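Scroll down for the structure; my scribbles are underneath it.
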Amino acid sequence: MDVKVVEKKKDSVEIEFTEKEIPIALVGVLQNAGVDAYWHEPHPLKQGFRIHVDSQNPMDEVKKAVKTLDSDVESLKKAIEEKLK
(Lines give C-alpha, C1' and ligand atoms only; values in the text may rest on other atoms or scores of the structure.)
Protein backbone atom coordinates (compact mmCIF):
# COMPACT_ATOMS: atom_id res chain seq x y z
CA MET A 1 0.00 0.00 0.00
CA ASP A 2 1.27 3.44 -0.90
CA VAL A 3 0.59 6.45 1.31
CA LYS A 4 1.18 10.04 0.26
CA VAL A 5 0.56 13.33 2.05
CA VAL A 6 -1.23 15.38 -0.60
CA GLU A 7 -1.81 18.57 1.35
CA LYS A 8 -0.50 19.67 4.74
CA LYS A 9 -1.59 22.90 6.38
CA LYS A 10 -1.45 24.21 9.93
CA ASP A 11 -4.83 22.81 10.91
CA SER A 12 -5.66 20.30 8.17
CA VAL A 13 -4.10 17.44 6.29
CA GLU A 14 -5.09 15.31 3.32
CA ILE A 15 -3.50 11.90 2.84
CA GLU A 16 -3.92 9.58 -0.14
CA PHE A 17 -3.89 5.77 0.03
CA THR A 18 -3.92 3.22 -2.79
CA GLU A 19 -6.26 0.92 -0.82
CA LYS A 20 -9.72 1.78 0.49
CA GLU A 21 -10.01 -0.20 3.74
CA ILE A 22 -7.39 1.59 5.85
CA PRO A 23 -8.63 5.15 5.15
CA ILE A 24 -12.19 4.15 6.01
CA ALA A 25 -11.05 2.52 9.26
CA LEU A 26 -8.87 5.52 10.16
CA VAL A 27 -11.72 7.95 9.59
CA GLY A 28 -13.93 5.82 11.84
CA VAL A 29 -11.36 5.97 14.63
CA LEU A 30 -10.86 9.72 14.14
CA GLN A 31 -14.60 10.45 14.17
CA ASN A 32 -15.08 8.32 17.30
CA ALA A 33 -12.42 10.50 18.95
CA GLY A 34 -14.37 13.64 18.00
CA VAL A 35 -12.05 14.71 15.18
CA ASP A 36 -13.50 16.28 12.02
CA ALA A 37 -12.45 13.77 9.34
CA TYR A 38 -13.85 12.22 6.18
CA TRP A 39 -12.69 10.04 3.28
CA HIS A 40 -13.35 10.47 -0.43
CA GLU A 41 -12.32 9.35 -3.90
CA PRO A 42 -10.91 12.37 -5.76
CA HIS A 43 -11.79 10.90 -9.18
CA PRO A 44 -13.87 7.82 -9.97
CA LEU A 45 -11.61 6.70 -12.84
CA LYS A 46 -8.31 7.08 -10.99
CA GLN A 47 -7.11 4.88 -8.19
CA GLY A 48 -6.71 6.59 -4.84
CA PHE A 49 -8.64 7.16 -1.65
CA ARG A 50 -8.08 10.19 0.53
CA ILE A 51 -8.74 11.18 4.10
CA HIS A 52 -9.13 14.81 5.07
CA VAL A 53 -8.58 15.77 8.72
CA ASP A 54 -9.33 19.16 10.29
CA SER A 55 -7.85 19.68 13.75
CA GLN A 56 -5.43 21.88 15.66
CA ASN A 57 -2.81 19.13 15.27
CA PRO A 58 -4.04 16.93 12.40
CA MET A 59 -0.87 14.84 12.03
CA ASP A 60 -0.88 14.04 15.76
CA GLU A 61 -4.52 12.97 15.48
CA VAL A 62 -3.72 10.70 12.53
CA LYS A 63 -0.78 9.16 14.43
CA LYS A 64 -3.04 8.48 17.44
CA ALA A 65 -5.66 6.94 15.15
CA VAL A 66 -3.07 4.66 13.55
CA LYS A 67 -1.94 3.45 17.00
CA THR A 68 -5.56 2.84 18.04
CA LEU A 69 -6.32 0.99 14.83
CA ASP A 70 -3.19 -1.14 15.26
CA SER A 71 -4.24 -2.03 18.80
CA ASP A 72 -7.77 -2.90 17.63
CA VAL A 73 -6.45 -5.14 14.85
CA GLU A 74 -4.11 -6.90 17.28
CA SER A 75 -7.00 -7.54 19.69
CA LEU A 76 -9.13 -8.88 16.84
CA LYS A 77 -6.29 -11.14 15.71
CA LYS A 78 -5.90 -12.60 19.21
CA ALA A 79 -9.65 -13.17 19.57
CA ILE A 80 -9.85 -14.96 16.22
CA GLU A 81 -6.80 -17.12 16.97
CA GLU A 82 -8.32 -18.19 20.29
CA LYS A 83 -11.60 -19.18 18.63
CA LEU A 84 -9.80 -21.18 15.94
CA LYS A 85 -7.81 -23.38 18.37
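The values are calculated or read from the model by the stated rules, or taken from the named source; none is laboratory data. Keep in mind the model is a prediction, meaning the values are calculated, not measured. Positions of Cβ are generated from backbone atoms using ideal geometry, with glycine treated the same way; all protein chains shown enter the neighbour counts.
Structure above, values below:
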quantity	calculated
Only one of VAL27, VAL66 that is surrounded by 11 or more Cβ atoms within 10 Å (Cβ to Cβ), in contact with a strand residue (DSSP E or B) (Cβ under 7 Å, 6 or more places away or on another chain) and either not acidic (Asp, Glu) or not in a strand (DSSP E or B) (or both)	VAL27
Residues located in the stretch 8-52, provided they are in contact with a helix residue (DSSP H, G or I) (Cβ under 6 Å, 6 or more places away or on another chain) and of a type in the set (A, V, I, L, M)	VAL13, ALA25, LEU26, VAL29, LEU30, VAL35, ALA37, ILE51
Single unsatisfied condition, GLU19 versus (1) part of a loop (DSSP other than H, G, I, E, B); (2) at pLDDT below 95; (3) more than 13 Å from the chain's Cα centre (by Cα)	(3)
Candidate set from the stretch 26-56 (those that are of a type in the set (S, T, N, Q) and modelled with pLDDT of 95 or more); member that is farthest from LYS10 (Cα to Cα)	ASN32
First in the stretch 56-81 and aliphatic (A, V, I, L, M), second anywhere and part of a helix (DSSP H, G or I) and surrounded by 10 or more Cβ atoms within 10 Å (Cβ to Cβ), Cβ under 6 Å, 6 or more apart	ALA65/LEU26; ALA65/VAL29; ALA65/LEU30; LEU69/ALA25; LEU69/VAL29
LEU76 vs. criteria hydrophobic (A, V, I, L, M, F, W, C), more than 11 Å from the chain's Cα centre (by Cα), outside any strand (DSSP E or B) and exposed (fewer than 10 other Cβ atoms within 10 Å of the Cβ)	no
Candidate set from the stretch 12-46 (those that are in contact with an Asp or Glu (Cβ under 9 Å, 6 or more places away or on another chain) and among the polar types (S, T, N, Q)); member that is farthest from VAL73 (Cα to Cα)	SER12
